[in-house]
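Everything below concerns the one structure shown next.
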Amino acid sequence: MEDLEEMEEDAGLGNGGLGRLAACFLDSMATQGLAAYGYGIRYEYGIFNQKIKDGWQVEEADDWLRYGNPWEKARPEYMLPVHFYGRVEKTDEGSKWVDTQVVLAMPYDTPIPGYMNNTVNTMRLWSARAPNDFNLKDFNVGDYIQAVLDRNLAENISRVLYPNDNCFEGKELRLKQEYFVVAATLQDVIRRFKTSKKNSSNPLSFDSFPDKVAMQLNDTHPAMAIPELMRIFVDIEKLDWDMAWDLTKRTFAYTNHTVLPEALERWPVELMETLLPRHLEIIYQINQNHLDCIASLFPDDMDRIRHMSLIEEDGGKRVNMAHLCIVGSHAVNGVAEIHSNIIKTDIFRDFSELEPEKFQNKTNGITPRRWLLLCNPGLADLIAEAIGEDYVKDLSQLQKLNELVDGDTFIRDISKIKQDNKLKFAQYLEKEYKVKINPSSLFDVHVKRIHEYKRQLLNCLHVITLYNRIKKTPSAPFVPRTVIIGGKAAPGYHMAKMIIKLITSVGEVVNNDPVVGSKLKVLYLENYRVSLAEKVIPATDLSEQISTAGTEASGTGNMKFMLNGALTIGTMDGANVEMAEEAGEENLFIFGMRVEDVAQLDAEGYDAMKYYKALPELKQVIDQIKSGFFSPRQPDIFKDVMDMLFKHDRFKVFADFEDYVKCQERVSLLYQDQKEWTKMVIKNIAASGKFSSDRTIKDYATEIWGVEPTDLKIPPPSEPREALEETLRAMKKN
């Protein structure tokens, strides 16, 4: 069975945390018995496969459908048209969007089973198909062959996932993808709403639409749903504007997932005017009403009006999609407490002052089914023996493990499971990477997308520091470490690719130095993805969560490590703050600047040179990189990285270096006392209950969507009809 599982391709249809979060949410919604759908695009090629060649990242296409996908079912009977381009015609009946190009959206359904409750929800992914008359009716100059070949142009919409994480790329194809998923989904939702109303004797009314339908916008990527629903209500269903706007706002809610300015979507007006002319008109009208409202409240505050407009004027007119989402939704949330506060007091401050009740927090979570039961059965079984099996659906029950924190047997059992997982992973690494791993070494793991704000560079500088300490006094006692770094860099992100090259170059030197031997190993984990995360996370001792305070919205890898018995070294950023709150700050290795310190340093002006001159170990490390110690054949290969660190490091790597290194010394010290280390591990596992996506989804359901989770088990079809009626009666009673 394991061999068969290994053969199955990952459905890599997202970039990093955002896509994986959606998958956890689908699992939790089904397990909570919610009638929920996940909508997205069925990309033919998902996130690229990463190869490391000569220390550099090389991308290969992810042909995940090559051998077919047995879990999906095509539903051609629900195929829908999606329109692009064209022009707007003003008629007595209102606006008409005409002369458009049509692409068909073919749905593929994947079942999403809840955990042990007989609920099965649907994930519906859309694939683009050209209509049969594509390019034939309009441009038929006899080139039939070319017209058929040009069908590819339409079908390219669902060809490939854009591989940028936390970075906006304003390409026409990307905007087409965003509108494609939105237009198909809204037609589907409205069709289902109308079907539910079919048997009613009353004429069709949309008054109850927001009571029957809730739509959560996963970041701004589906923001075009707001003008699209307005277009359907006003142009097609002939509702008046104010009624349509009220229904639209009550239907949508928006989740913000990042505060990095380069990640916020800002679409050029001229592109939207060409591709979606009617939607641009609707956005202008929404903006006009919005700005009229602000002007009436703050008549002389032109700055505020400019800041809050959906249209940015400086450097070419652009539509600010986050502003569109805030104005067009009844609820806006961040994904960890610190992030939700930053949204309210900083990036969307003007909006939260206007409508404070609109802004909420929903701290992210992970599904314990995949991230404990499936990936770490040994630990899951041990916990079940200790506290029963109910924790799988109610992760807060892990608190009961606190009673066992001093039990020698339990400490030994937890330690043994971690050791087994490490042995298994070490064997995997030796097979894949041909390196000998010391399984009793501390497994120090940093796996996530490669980005300057996530500070893989800081980790790299620490590794070189450890190397230098071993070289200086080879006979001194040293806690052996295996440092594992992995993750993909966006193909166009030069600095991220240089960071990978630096890490692999350091690994070359460290791993082949006989003085170092088995004390320190540095591995770059190729092609990090969900199936590899399931292997590495259960084997990890130390989880690296070291982003600059105020940059990581939440993080979810941090939660997966915590649940699987790793200790966290991290900054007070994202959900780390709440992890420290739950487990006690003394049970995490917290270091570095807080958000306030970063703000103060920005005000003073960050001077990297100051740290370089003041910290001899930092200076040594930087001088080695600069001089080509790790790249003797190309001594100046890392010049761009050095220039960035000294001249324009937005994420202040040097500022946290000293505290990070000291904190890592505390890690090594504790690791020498395996009993005390394991006690801290148990306290962390016991405190991880809050970070179940079941809790997150309950909060969305009750506080945003206005629905209640249910643990009622639907009787299987084989059971008699009476059982089903009994269930329905119970549901009515509830």
Check your understanding: Could you give every pair whose Cβ atoms fall below 8 Å, whose first residue belongs to the stretch 331-350 and is over 11 Å from GLY550 (Cβ atoms) and in contact (Cβ under 8 Å) with a residue 24 or more places away in the chain, and whose second residue is polar (S, T, N, Q) and assigned to a helix (DSSP H, G or I), counting only separations of at least 6 or pairs across chains?
Key -> ASN333/SER340; GLY334/SER340; GLY334/ASN341; ILE343/SER352
**Study point:** Selected residue (only one of ALA580, ALA575 is within 25 Å of PHE443 (Cβ to Cβ), under 24 Å from the mean Cα position of the chain (by Cα) and surrounded by fewer than 20 Cβ atoms within 10 Å (Cβ to Cβ))
**Key:** ALA580
Review point. Which of the residues belonging to the stretch 486-516 are more than 27 Å from LYS535 (Cα to Cα) and touching a Lys or Arg at 6+ places or on another chain (Cβ under 7 Å)?
Key: VAL515
Exercise for review: With respect to LEU217, determine if the residue is in contact with a strand residue (DSSP E or B) (Cβ under 8 Å, 6 or more places away or on another chain) and either closer than 26 Å to GLN360 by Cβ or surrounded by fewer than 20 Cβ atoms within 10 Å (Cβ to Cβ) (or both).
Suggested key: yes
Check your understanding: Of all the strands (runs of 3 or more DSSP E) wholly in the stretch 157-275, which have at least 2 residues that are over 25 Å from SER95 (Cα atoms)?
Key -> 215-218, 252-255
Review point. Among the aromatic types (Phe, Trp, Tyr) and part of a loop (DSSP other than H, G, I, E, B): does that describe PHE425?
Key: no
Review point. What number of residues within the stretch 482-499 are surrounded by fewer than 24 Cβ atoms within 10 Å (Cβ to Cβ) and within 23 Å of LYS619 (Cβ to Cβ)?
Key: 2
Practice item. Output yes when any residue across the stretch 16-24 is in contact with a strand residue (DSSP E or B) (Cβ under 7 Å, 6 or more places away or on another chain) and open to solvent by less than 20 Å² (accessible area, probe 1.4 Å), and no when none is. Key: yes
Study note, to complete from the structure: Counting only strands (runs of 3 or more DSSP E) wholly inside the stretch 1-111, the ones holding at least 3 residues that are in contact (Cβ under 8 Å) with a residue 12 or more places away in the chain are 37-41, 49-53, 56-60, 80-84, 94-98
Review point. Among the numbered criteria (1) free of Cβ contacts under 8 Å to residues at least 24 places away in the same chain; (2) in a loop (DSSP other than H, G, I, E, B), which single criterion is violated by ASN558?
Key: (2)
Practice item. Could you pull out the residue among PHE629, PHE691, PHE651, PHE657 that is of a type in the set (A, V, I, L, M, F, W, C), modelled with pLDDT of 95 or more and open to solvent by 50 Å² or more (accessible area, probe 1.4 Å)? Key: PHE629
Check your understanding: What number of residues within the stretch 165-207 satisfy the criterion of being polar (S, T, N, Q), more than 19 Å from ALA244 (Cα to Cα), at pLDDT 90 or above and open to solvent by 10 Å² or more (accessible area, probe 1.4 Å)?
Key -> 2
Check your understanding: What pairs come up if the first residue lies in the stretch 501-518 and is open to solvent by 10 Å² or more (accessible area, probe 1.4 Å), the second is modelled with pLDDT under 95 and of a type in the set (A, V, I, L, M), and their beta carbons are under 8 Å apart, counting only those six or more places apart or on different chains?
Key -> ASN511/VAL435
Check your understanding: Is it true that TYR115 is in contact (Cβ under 8 Å) with a residue 40 or more places away in the chain, open to solvent by 60 Å² or more (accessible area, probe 1.4 Å) and in contact with a Lys or Arg (Cβ under 8 Å, 6 or more places away or on another chain)?
Key -> yes
Check your understanding: Among the listed residues ASP602, ASP597, ASP643, ASP623, which satisfies the condition of being assigned to a helix (DSSP H, G or I) and either touching a Ser or Thr at 6+ places or on another chain (Cβ under 7 Å) or open to solvent by 70 Å² or more (accessible area, probe 1.4 Å) (or both)?
Key -> ASP602
Practice item. Tally the residues that are in contact with a Leu (Cβ under 9 Å, 6 or more places away or on another chain) and closer than 21 Å to ALA30 by Cβ, restricting the search to the stretch 374-395. Key: 4
Check your understanding: Before we move on, is ASP636 assigned to a loop (DSSP other than H, G, I, E, B), open to solvent by 30 Å² or more (accessible area, probe 1.4 Å) and not aromatic (Phe, Trp, Tyr)?
Key -> yes
Exercise for review: Could you tell me whether TYR433 is modelled with pLDDT under 95, on the phi < 0 side of the Ramachandran plot and within 31 Å of the chain's Cα centre (by Cα)?
Suggested key: yes
Practice item. Would you be able to say whether some residue in the stretch 405-413 is among the polar types (S, T, N, Q), under 25 Å from THR540 (Cβ atoms) and open to solvent by 40 Å² or more (accessible area, probe 1.4 Å)? Key: yes
Study note, to complete from the structure: Exactly one of GLU155, GLU237 is under 17 Å from VAL102 (Cβ atoms) and acidic (Asp, Glu), and that residue is GLU155
Practice item. Taking HIS279 as the residue in question, decide whether it is open to solvent by less than 10 Å² (accessible area, probe 1.4 Å) and either over 30 Å from ARG650 (Cα atoms) or touching a strand residue (DSSP E or B) at 6+ places or on another chain (Cβ under 9 Å) (or both). Key: yes
**Study point:** Test result for ALA11, open to solvent by 20 Å² or more (accessible area, probe 1.4 Å) and of a type in the set (A, V, I, L, M)
**Key:** yes
**Study point:** Qualifying residue in the stretch 284-295 (condition: farther than 16 Å from VAL327 by Cα and surrounded by 20 or more Cβ atoms within 10 Å (Cβ to Cβ))
**Key:** no
Point to revise | Hits in the stretch 119-145 - residues which are closer than 26 Å to ARG42 by Cα, more than 27 Å from the chain's Cα centre (by Cα) and open to solvent by less than 80 Å² (accessible area, probe 1.4 Å) | key: ARG129, ALA130, PRO131, ASP133, PHE134, ASN135
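The values are calculated or read from the model by the stated rules, or taken from the named source; none is laboratory data. No experiment lies behind these values; they were computed from the predicted model shown. Here Cβ is always computed from backbone atoms with ideal geometry, including for glycine, and neighbour counts include all displayed protein chains. Please note that ligands, DNA and RNA were not included when accessible areas were found on the heavy atoms of the full protein model with its side chains. Shrake-Rupley method; radii C 1.70, N 1.55, O 1.52, S 1.80 Å.
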